[in-house]
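This report refers to the structure that appears directly beneath it.
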Amino acid sequence: MIDETLGRGHTEVESNQCNEEPSPHIFLSPVCRFEPATDVTSVFWDNSQKLVTVVRNDEEIEVVGADGRKSNHFRINREGPLRDVKVSPEGSVIAVLRSPKRLELMRLTSTEFCLSCFQEIEYDERSSDAILGFEWIYPGELLVITGTGCYAYKFSSSHRKFLRGNKSKSMRVNWYSYWAEYRLVLTSVGATTINLYQVKTDGCLESLGLLNVGLDASTAVTTMVQSLTRNQVFLIEAYGNLYCAAVQPDIQRECILLHHLGKSRTITLQLPRPGSYAIAVSDNLIIAIDASSDATVIFDIAQADDEPILPLSPSKRLTGANELLASSHTDSPANPIWIPCLPSQILALGRGALYDVSLNMEAIIKDMRACQDDVRVCDFLLCRKDGETSALIMELLRDLLTSSADVITLRTIFRKLCSVDHNQVMERPWPLPDTSSEAILAQVNIDGAHGMQHSQSGASLASLASRKSERTQGSYRSSGASSDRRRDVGLARRAHPLFEQEQMYTDVFIVVADHRSCSPPYLAACLLEYITTVLAFEPVQPYMTELLADLLVRGKCFAVLHQYVLCNIVEDSLPVARILAGAKEEYSPFGQIALDMLKRLHANEEVIEMLLGQGMILDAVRFAISRDCLRVSMVPTLLEAALTSLDKTLYLNVFKCLEELGFIGFELDQHHVHPATNRYVSVYREMWGEIVDLEIVEL
């Protein structure tokens, strides 16, 4: 499912989800607007520089950046339909392919609106060779691809023009595609055979060998019999690995073959029905969008099977599909409705817009939970980017707890959450994949790709790229599976929890504990599973065991809590002691257990307060003296407790004891005595007089 958001963001889309139509799985947000392609307007896409070039009447040219800013607007002589237009990386030269035999180079200046050609690259009209296309590979370097090979041109300052180099590559070429991010050129040399070349400086091409994209490595059987077109073969990157993707043209078995350019492995992604699919990659998920309908299929190659993560539902229509697909174009390889601009953009020619493909993860997870088990949903979320799916994981846990899900299921999820981390750590069983261009390209030549016949040079490609790709990959977090594919996509076990205990406490357990429908004994059992899992990685924070004690008390599981305290599962803390003390009326052993816990914690004032609350005033005084914690501030409290007991002898003994310790004085000028004791001195005189002959009870 797709939804088109025309500059409104996702907020308006989400506000409209209260209607009967289900939420879309994919958002198409326009990032660039231009004049739509018509009979008199042509649109060209430069993937290397992310530029859209609009040509009107074969003479007016407008260059629009992918961010929506217009770069330039100028005019050229009209001499017939243009086949391609591209601006050089430094923005000083524009190349115009007027015909299969002639390529014109024009200088771009800020003062001239009408451009004139300063150099032509022509081929003999009588020759069968023709220009298939051209690419700006480096500043001042141009690569021209013809039916007989690839030819490099480099600008010469002395000659003031582009000169053809001597490092050209002769070969048969049916069609080609250039992937500037990886400096790779794919050339078709057969029906399903692709030749890969690495582009170096000075126009040198290093062959990486042949790849039969119609051959399934798992069965060693050719699955394609039709010739592939340029729009059916892509280079995509997922989980740090580079794949050559080929859309299966066979109507009887519609699929996408992913050839790992580093290992002899092929992944077959089954498409639900025939169609004209455009490919996009978002958050390491492979998205196949049918250009002739509103069907959208999402694949996650980290999953164990090759089926879409969600079944195709014909009832879920696309709210913006009719407008998006409305075009005067007839979809064909030569005149497509839209062009995939990998990794995550689609150029809609008839709409005059460049769309950014993004995921509606909330809707995806909702539908996944309806047809898959929750552990697999958790695996899926753990493979997504940090920060974007954390809230969905928390929501998943809350929903499982409030719905009283199986404790075993929650135990499995807790183990997954505790065994991964969003930060790279030093010690782990497998290293994280390096997702830079150099590392990805190095896999192609070092590991050996399936079906590829390597050249004898064998030079490493790691040192060829001149820049790193500043992209943010999804966190490669292990879902616990042991399949080879999961290791290939870079999932690795980490040494620290993904979510801090504080986040789990505040966003999950406390929220669910306040939910009336949740059973305290059930939640306590789930919390114990989480505590047990955390203990394998780090110490458990006290607030976790305090919540466990509170849940057990609320669930009247007093004997269980008693055992947990004795076995040190619930560790000593002031909040736990207070919880135990508060439940002593329902379970009498808790009184002594709480008192002993407070003594172990050296919470002397808490112990004295608890003893006074139990009417054990003499014990409180003895404890204060034994711990040497008797303070002036405690004197009024002890005397008030003795006076409240209405036991004159008890009051006498407490008073005399405090007097001997120097906390009570009859002289008004004793500044170390608490001022509030004057009242209790008066009470003492009224009760016993100035001289007392009664023997004091030994304390």
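The values are calculated or read from the model by the stated rules, or taken from the named source; none is laboratory data. Please read all numbers here as calculations on a predicted model, not as lab measurements. Using ideal geometry, Cβ is built from the backbone for each residue, glycine included, and neighbour counts are taken over all protein chains shown. Accessible surface is based on the protein model in full, side chains and every heavy atom, while ligands, DNA and RNA are left aside. Shrake-Rupley method; radii C 1.70, N 1.55, O 1.52, S 1.80 Å.
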Does ALA549 qualify as being closer than 25 Å to ASP406 by Cβ, at pLDDT 75 or above and open to solvent by less than 40 Å² (accessible area, probe 1.4 Å)?
yes
Cβ-Cβ below 9 Å, separation at least six or inter-chain, first residue in the range 551-563 and more than 16 Å from ARG516 (Cα to Cα), second open to solvent by 30 Å² or more (accessible area, probe 1.4 Å) and β-branched (Val, Ile, Thr): which pairs?
LEU561/ILE579; GLN563/ILE569
Anything in the range 564-593 that is in contact with a Lys or Arg (Cβ under 7 Å, 6 or more places away or on another chain) and of a type in the set (A, V, I, L, M, F, W, C)? List them, or say none.
PHE590
Which of the strands (runs of 3 or more DSSP E) contained wholly in the range 160-220 include at least 1 residues that are open to solvent by 10 Å² or more (accessible area, probe 1.4 Å), more than 15 Å from GLY133 (Cβ to Cβ) and polar (S, T, N, Q)?
193-199, 205-212
The lone condition TRP175 fails out of (1) modelled with pLDDT of 90 or more; (2) out of contact with any helix residue (DSSP H, G or I) (no Cβ under 7 Å at 6 or more places or on another chain) is (2)
Name the one entry in GLU90, GLU112, GLU120 that is charged (D, E, K, R), farther than 27 Å from CYS341 by Cα and in a loop (DSSP other than H, G, I, E, B).
GLU112
Filter pass, TYR680 being at pLDDT below 80, in contact with a helix residue (DSSP H, G or I) (Cβ under 7 Å, 6 or more places away or on another chain) and in a helix (DSSP H, G or I):
yes
How many of the residues making up the range 552-586 are open to solvent by 60 Å² or more (accessible area, probe 1.4 Å) and within 38 Å of the chain's Cα centre (by Cα)?
4
Exactly one condition in (1) farther than 13 Å from VAL683 by Cβ; (2) modelled with pLDDT of 80 or more is not met by LYS648; state its number.
(1)
Every residue from the range 345-378 that is open to solvent by 30 Å² or more (accessible area, probe 1.4 Å) and modelled with pLDDT under 85:
ARG351
Among (1) touching a Ser or Thr at 6+ places or on another chain (Cβ under 6 Å); (2) modelled with pLDDT under 80 - the single one SER207 does not satisfy:
(2)
Number of positions in the range 263-293 that are touching a His at 6+ places or on another chain (Cβ under 9 Å) and not in a strand (DSSP E or B)
2
Would you point out which residue out of GLU698, GLU686, GLU690, GLU609 is at pLDDT below 75, open to solvent by 70 Å² or more (accessible area, probe 1.4 Å) and outside any loop (DSSP other than H, G, I, E, B)?
GLU686
Could you say which residue among GLU59, GLU4, GLU14, GLU35 is under 34 Å from the mean Cα position of the chain (by Cα) and either farther than 21 Å from ALA278 by Cβ or at pLDDT 65 or above (or both)?
GLU14
Can you name the condition, by its number, that SER328 falls short on among (1) over 20 Å from PRO24 (Cα atoms); (2) surrounded by 22 or more Cβ atoms within 10 Å (Cβ to Cβ); (3) at pLDDT below 90?
(2)
Pick out, from the range 20-87, the strands (runs of 3 or more DSSP E) lying fully within it that include 2 or more residues that are open to solvent by less than 50 Å² (accessible area, probe 1.4 Å).
26-33, 41-46, 51-56, 60-65, 84-87
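Condition check ((1) of a type in the set (A, V, I, L, M); (2) touching a residue at least 60 places away in the same chain (Cβ under 8 Å); (3) on the phi < 0 side of the Ramachandran plot) across all residues:
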| site | (1), (2), (3) |
| --- | --- |
| ASN568 | no, no, no |
| VAL576 | yes, no, yes |
| ALA581 | yes, no, yes |
| PHE590 | no, no, yes |
| ALA594 | yes, no, yes |
| GLU609 | no, no, yes |
Going residue by residue through the range 189-201, is there one that turns out to be at pLDDT 85 or above and of a type in the set (D, E, K, R)?
yes
Note on the range 613-648: residues assigned to a loop (DSSP other than H, G, I, E, B) and of a type outside the set (Lys, Arg) are GLN614, GLY615, MET616, ASP628, CYS629, LEU630, SER645, LEU646, ASP647
When both residues are 6+ apart or on different chains and their Cβ atoms are under 8 Å apart, which pairs have a first residue that lies in the range 627-648 and is within 19 Å of GLY662 (Cα to Cα), and a second that is of a type in the set (A, V, I, L, M) and open to solvent by 80 Å² or more (accessible area, probe 1.4 Å)?
LEU630/LEU661
